[in-house]
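Peer 1: Handing you a structure now.
The values are calculated or read from the model by the stated rules, or taken from the named source; none is laboratory data. Remember, it's a predicted structure, so these values are computed and weren't measured experimentally. Here the Cβ positions follow ideal geometry from the backbone for every residue, glycine too, while neighbour counts run over all protein chains shown.
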Amino acid sequence: MGGTGTGKSSLIRLLTEDTGVKIGSSLDSLTTDVQLFRFLDHTSGRNIVLVDTPGFDDSRSDITDTAVLKKIAAFLLNEYDEKRQLNGLVYLHRISDPRFGAQASRNLKIFQNICGTKAYKNITVLTTFWDSVSTEEGLMREEQLKSTFFNHIVAQGARFMRHDRSTQSALEIITHILTLTPTDVQIQEEIRIGGKGLEDTAAGSIHREEVERVLAKHKQEIASLGEEINTIKHDNESLRRDLLEEKEELEQRLRLWENEKADLKKGLEDSLKSRGQLEDQYKSVDVVRSATLELLQVQLEDKKKATTVVAQVREEIAVQRTYKGNGNDFFQFAYSDRYPPCMKIIPTDDRKNPLRIFDFASFAETTALLFIRPELLWTKLRNLAPNQIIAEQTMQALEVHNYRLHTEARQRAKLDPGARDMYLSKNIGLRRDWYTDAAFGQQQFTGTNPTTITLAPRRWMDEFMLVARVQERTDVTKLLTERADNMYVQDYSDFRSSIGLYPGERIVCDGRHGCSSVALFHLETEGKLHPLGIVLDYKGSMQESVTIFNRRITSNVNGNEYEDWPWRFAKTCVQVSDWLRHEVAIHLVNTHLVEEVIIVAAYRSFGPNHIITRLLEPHWSTTLSLNKAARETLVPKIIIGMTGLSASQTYAFLKAEYNKFDWKGLYIPNDLKRRGFPIENLDEPKYHNYGYARNIARMWNIIRKFVSTVLAKEYAGGDQEVVSDRSLAVFCEEVRSRDGGQLTSFPDINTLNELIDFVTMCIHIAVPQHTAVNYLQQYYQTFVPNKPSALHIPLPQSLAELCSFTEQDLLSALPLKKPRDWLLMAQVPYLLSFEVPEESTILHYAETTSSSRATLEIIRSAAQVLSMDLRAFIDTVTRNSTELDDQQTPYLVLDPSKTAISILI
């Protein structure tokens with residue numbers, strides 16, 4: 001939506017590559033109706049429908065604002081009746097407009113009232129025509145728009161984005177919208193639930209007031225002209241004729257406005273009485289792409305056939321699984337408001353007791369932390385947290401405490417190998433440089449979450465540039481200008497919109513504070529990732545947020561990093577933000593819970609002897625029982641008590657992250673390219689420190705080679721045989737559908753290559769991806785100051801306040817006076833990070849599968865090659881680790897002899 005000439009049709013033409021979309025060269029509108037444009041987003045693999053609407057300030061004489069409102073309302077009501085929700089609402093505004101006029105204000109008011117506050121979080125305010133103003137002028141106008149005219153919708157979660165006429169910026173809009181949770185809008189509920197007429201809706205009322213204002217104005221003008229005409233003498237016929245013509249023109253306008261008022265009053269009463277009439281009206285909507293219309297018709301015709309096929313496939317699978325002792329009753333999806341779809345009843349053979357999953361001693365200690373009051377904890381466990389004396393000392397005292405616990409744990413283990421605790425293995429706190437920029441930057445590449453560091457989009461470059469100018473950091477502005485293509489971000493700015501908070505609201509629960517940070521990094525020529533600037537807690541705009549820049553502009557600049565407490569606090573904020581994203585999104589949702597949806601859908605679609613089942617089932621061991629424990633204990637009893645989010649906010653965040661999951665976009669080649677790390681360039685010196693990317697890209701290719709070898713033989717008929725596999729078609733629908741897995745980004749599988757990618761992705765999630773984000777938690781998180789799950793003091797509200805922070809402020813931010821919180825932050829990573837038994841590694845699977853006569857021949861022969869590839873890959877992992885600048889912490893987590901075969905813990 002947006003005014004005429006703001007670039008709606010141009011944006012659609014750019015996204016759809018449809019030259020049939022007419023674009024105006026003046027302010028005359030070329031959009032005459034609500035129009036639908038369907039296209040395939042190649043990044044996500046999802047089918048996108050763009051809905052273009054006429055502008056309310058329409059320049060044509062044959063269409064009124066009332067008609068425009070009716071068309072939009074009719075479309076929205078049909079979507080509501082068909083139970084289709086909107087992912088996003090894009091409001092376009094020209095940044096080149098020097099002032100925000102009365103017409104623009106009316107347009108925005110109507111738009112706001114169509115949407116309603118509930119849908120504000122789904123709004124993207126898209127500013128256009130940036131090439132018509134200087135960057136500085138554009139940024140000033142943008143800040144004014146945010147803080148003045150759009151402040152209400154921004155305060156409740158709307159996001160500003162920029163469109164520079166490029167395909168890249170257009171696709172960034174789609175990428176953002178696909179992360180949002182679909183919603184209904186206010187006008188739909190007002191009419192369908194509240195039973196209001198169009199005139200009585202909030203949007204209709206705004207328009208009615210304008211119509212009545214114009215009517216009153218015209219009536220007054222006509223009356224004044226009448227009085228003036230009566231006073232003119234007969235010898236001035238020329239003036240009388242001119243005034244009569246003017247009066248007649250005003251009376252004609254008055255009649256048009258009276259007709260518009262009557263039209264608004266009539267509203268959509270016919271559609272309220274008859275659903276069929278509304279559908280007839282909807283059918284008149286111009287679907288521009290005729291090929292798309294034909295495709296939709298074919299899909300409708302095939303729907304009945306597809307339903308029959310699904311029933312037949314289910315019946316066949318039920319017979320097969322009953323014969324093996326597990327009927328179809330076990331393989332049902334369960335739903336809740338808290339979690340993505342999951343297995344309703346875990347089959348008997350797949351059930352695992354938690355004591356068979358977790359180390360007994362660690363599990364017992366974690367249970368004690370959950371259910372025993374801190375003062376009653378036994379001495380051994382209580383002494384693992386810093387005492388009050390240490391808490392009142394220095395950061396160095398915490399480092400000494402950590403070293404002492406590690407030394408004592410190793411001594412106990414020598415006497416009793418079973419005497420293990422969280423400090424037995426090394427952690428990052430044993431390093432003298434754990435707090436440095438170098439260690440902080442390297443964690444983005446080889447830490448617990450090396451999966452989200454991304455090339456900085458123009459939006460963040462402009463935002464940081466503006467703040468650097470305000471803070472008079474000319475060294476920063478110079479670097480941002482000269483090295484723009486080498487700036488990367490960790491962006492957690494979406495936290496508030498995901499959990500339903502306004503931009504200005506604090507993230508806090510029971511004295512634990514969270515934050516929504518944004519960190520800017522410079523990837524230097526030699527390959528070091530150097531932190532340059534940090535927004536502690538992004539609140540919708542840089543103006544409302546606290547931003548600090550590093551005193552050390554590059555990694556080779558000397559400085560007292562240890563005592564730079566404001567900067568160290570800022571880095572801690574980033575680590576707190578990343579703790580939440582890593583544990584809940586990257587680890588729990590993107591591996592555990594997504595894989596479970598695949599497992600349930602596969603059990604419901606493929607028989608036990610189907611080649612997909614044979615390939616994937618070895619990678620499902622323990623996952624279902626482990627996920628059940630996560631839903632029943634890990635999230636409600638542990639995670640929720642560790643962060644700044646309340647229970648409801650945690651569940652909202654979890655569901656939002658699931659809705660954002662982009663199946664094809666997260667294929668490793670696609671993901672690395674999107675984030676600014678093209679696979680073909682990873683062996684260049686610039687990227688030599690990105691150990692995760694270099695290893696995971698090679699592992700993807702090894703798995704894909706194995707899968708391709710098997711499936712090319714099984715589907716010897718190629719694409720046609722893939723299309724003919726009824727079970728595969730049923731599976732895709734199971735994963736996507738509302739009464740299935742609800743993973744809407746999951747693609748159709750129509751070619752052999754698409755099938756190979758899908759199976760590769762399933763194994764990738766369960767094997768190397770989960771291993772990469774799980775098994776380093778003990779090392780990086782047991783030493784709590786490196787990566788706490790929350791802050792225990794409020795965040796500073798100004799840069800001046802932050803710059804006054806001392807060592808005591810940073811210590812106060814840690815749970816030093818809350819031993820239970822400290823111990824949970826240290827214990828949970830330890831609980832989840834036990835070494836993988838040799839018999840549970842991907843290498844062991846390949847070697848045993850390649851020699852087992854019980855294995856299908858096509859899998860056995862492919863596994864022989866897989867085994868050799870994995871053996872060779874061990875040397876690659878070792879070599880990549882030795883090439884890192886940081887040689888204190890080897891990066892060997894993806895060594896196939898240590899990589900778990902499935903999500904085991």
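Peer 1: Residues of the stretch 128-146 being surrounded by 15 or more Cβ atoms within 10 Å (Cβ to Cβ) and part of a helix (DSSP H, G or I), which ones?
Peer 2: Residues of the stretch 128-146 surrounded by 15 or more Cβ atoms within 10 Å (Cβ to Cβ): 128-130, 133, 138-139, 141-143, 145-146.
Result: W130, G138, L139, R141, E142, E143, L145, K146.
Peer 1: Hey, another quick one. When you scan the stretch 692-702, do you find a residue that is of a type in the set (D, E, K, R), farther than 26 Å from N659 by Cβ, surrounded by 23 or more Cβ atoms within 10 Å (Cβ to Cβ) and touching a residue at least 12 places away in the same chain (Cβ under 8 Å), even just one? Let's see the steps before the verdict.
Peer 2: Within the stretch 692-702, the subset of a type in the set (D, E, K, R) is 694, 698.
So of that shortlist, the ones also farther than 26 Å from N659 by Cβ come out as 694, 698.
Okay, now just the ones that are also surrounded by 23 or more Cβ atoms within 10 Å (Cβ to Cβ), so 694.
Remaining after also requiring touching a residue at least 12 places away in the same chain (Cβ under 8 Å): 694.
Yes, the conditions are met somewhere in the stretch 692-702.
Peer 1: Please determine, by comparing only the residues of the stretch 159-195 that are among the β-branched types (V, I, T) and assigned to a helix (DSSP H, G or I), which one is farthest from S10 (Cα to Cα). Don't jump to the end; show me each part of the working.
Peer 2: Keep residues of the stretch 159-195 that are among the β-branched types (V, I, T), which gives 167, 173-175, 177, 179, 181, 183, 185, 187, 191, 193.
Still in the running and assigned to a helix (DSSP H, G or I): 167, 173-175, 177, 187, 191.
On the way: T167: 11, I173: 14, I174: 15, T175: 18, I177: 18, I187: 27, I191: 32 Å.
Once the filter is applied, the top-ranked residue is I191.
Peer 1: Which pairs have Cβ atoms under 8 Å, sit 6 or more apart or on different chains, and link a residue in the stretch 580-599 that is assigned to a helix (DSSP H, G or I) to one that is among the acidic types (D, E)?
Peer 2: As it stands, the answer is V584/E657; A585/E657; V589/E657; N590/E657, since those pairs meet every condition given.
Peer 1: Would you say V828 is assigned to a helix (DSSP H, G or I), closer than 30 Å to Y715 by Cβ and either modelled with pLDDT of 95 or more or in the same structural domain as I703 (by TED's automatic domain parsing) (or both)? Reasoning before the result, please.
Peer 2: Values: assigned to a helix (DSSP H, G or I): yes; closer than 30 Å to Y715 by Cβ: no; either modelled with pLDDT of 95 or more or in the same structural domain as I703 (by TED's automatic domain parsing) (or both): yes.
Answer is no for this residue.
Peer 1: Same structure again: Would you confirm whether or not the stretch 836-856 contains a residue that is under 30 Å from K528 (Cα atoms) and touching a Phe, Trp or Tyr at 6+ places or on another chain (Cβ under 9 Å)?
Peer 2: Just the residues of the stretch 836-856 that are under 30 Å from K528 (Cα atoms), to begin with: none.
Looking for residues that are under 30 Å from K528 (Cα atoms) and touching a Phe, Trp or Tyr at 6+ places or on another chain (Cβ under 9 Å), one finds none in the stretch 836-856, hence no.
Peer 1: For L892, only one of the following conditions fails: (1) assigned by TED's automatic domain parsing to the domain that holds I793; (2) surrounded by fewer than 22 Cβ atoms within 10 Å (Cβ to Cβ); (3) in contact with a Ser or Thr (Cβ under 9 Å, 6 or more places away or on another chain). What is its number?
Peer 2: The single condition L892 does not satisfy is (1).
Peer 1: Which of the residues belonging to the stretch 94-127 are buried (at least 20 other Cβ atoms within 10 Å of the Cβ) and of a type in the set (G, A, S)?
Peer 2: Once the filter is applied, which keeps residues that are buried (at least 20 other Cβ atoms within 10 Å of the Cβ) and of a type in the set (G, A, S), the stretch 94-127 yields only A119.
Peer 1: Something else: If you check V589 against the conditions, is it aliphatic (A, V, I, L, M), at pLDDT 95 or above, under 19 Å from the mean Cα position of the chain (by Cα) and under 22 Å from R704 (Cβ atoms)?
Peer 2: Considered against the rule, which asks whether it is aliphatic (A, V, I, L, M), at pLDDT 95 or above, under 19 Å from the mean Cα position of the chain (by Cα) and under 22 Å from R704 (Cβ atoms), V589 comes out as no.
Peer 1: Could you please give the count of residues in the stretch 715-736 that are farther than 30 Å from P341 by Cα, surrounded by 19 or more Cβ atoms within 10 Å (Cβ to Cβ) and of a type in the set (D, E, K, R)?
Peer 2: Here the count works out to 0.
Peer 1: Can you name every residue in the stretch 196-219 that is of a type in the set (S, T, Y) and either within 32 Å of the chain's Cα centre (by Cα) or assigned to a helix (DSSP H, G or I) (or both)? Quick ask: steps written out before the conclusion?
Peer 2: Taking the stretch 196-219 first, the residues of a type in the set (S, T, Y) are 201, 205.
Correct list: S205 only.
Peer 1: Inspect the stretch 526-540 for any residue being under 24 Å from the mean Cα position of the chain (by Cα), at pLDDT below 95, of a type outside the set (A, V, I, L, M, F, W, C) and surrounded by fewer than 21 Cβ atoms within 10 Å (Cβ to Cβ) and give the result as yes or no.
Peer 2: no
Peer 1: Follow-up. Give the stretch 751-792 a look and list any residue that's assigned to a helix (DSSP H, G or I), of a type in the set (A, V, I, L, M) and within 24 Å of the chain's Cα centre (by Cα), or say none. Outline the logic, then answer.
Peer 2: Taking the stretch 751-792 and keeping what is assigned to a helix (DSSP H, G or I), we get 752-774, 777-781, 784-786.
Filter again for of a type in the set (A, V, I, L, M), leaving 752, 755-756, 759, 761, 763, 765-767, 772-773, 784.
Across the stretch 751-792, the qualifying residues are V759, M761, I763, I765, A766, V767, A772, V773.
Peer 1: Take V154 and decide whether it is at pLDDT 85 or above, surrounded by 15 or more Cβ atoms within 10 Å (Cβ to Cβ) and touching a Cys at 6+ places or on another chain (Cβ under 6 Å).
Peer 2: Values: at pLDDT 85 or above: yes; surrounded by 15 or more Cβ atoms within 10 Å (Cβ to Cβ): yes; touching a Cys at 6+ places or on another chain (Cβ under 6 Å): no.
It is false that V154 is at pLDDT 85 or above, surrounded by 15 or more Cβ atoms within 10 Å (Cβ to Cβ) and touching a Cys at 6+ places or on another chain (Cβ under 6 Å).
Peer 1: For the stretch 474-489, name all the residues that are surrounded by 21 or more Cβ atoms within 10 Å (Cβ to Cβ) and not hydrophobic (A, V, I, L, M, F, W, C).
Peer 2: Scanning the stretch 474-489 gives a single hit, Y488.
Peer 1: Right, something else. For the stretch 106-127, enumerate the residues that are outside any strand (DSSP E or B) and more than 21 Å from A73 (Cβ to Cβ).
Peer 2: Taking the stretch 106-127 as the starting set, the residues that turn out to be outside any strand (DSSP E or B) are 106-122.
Listed by number, the list holds a single entry, K121.
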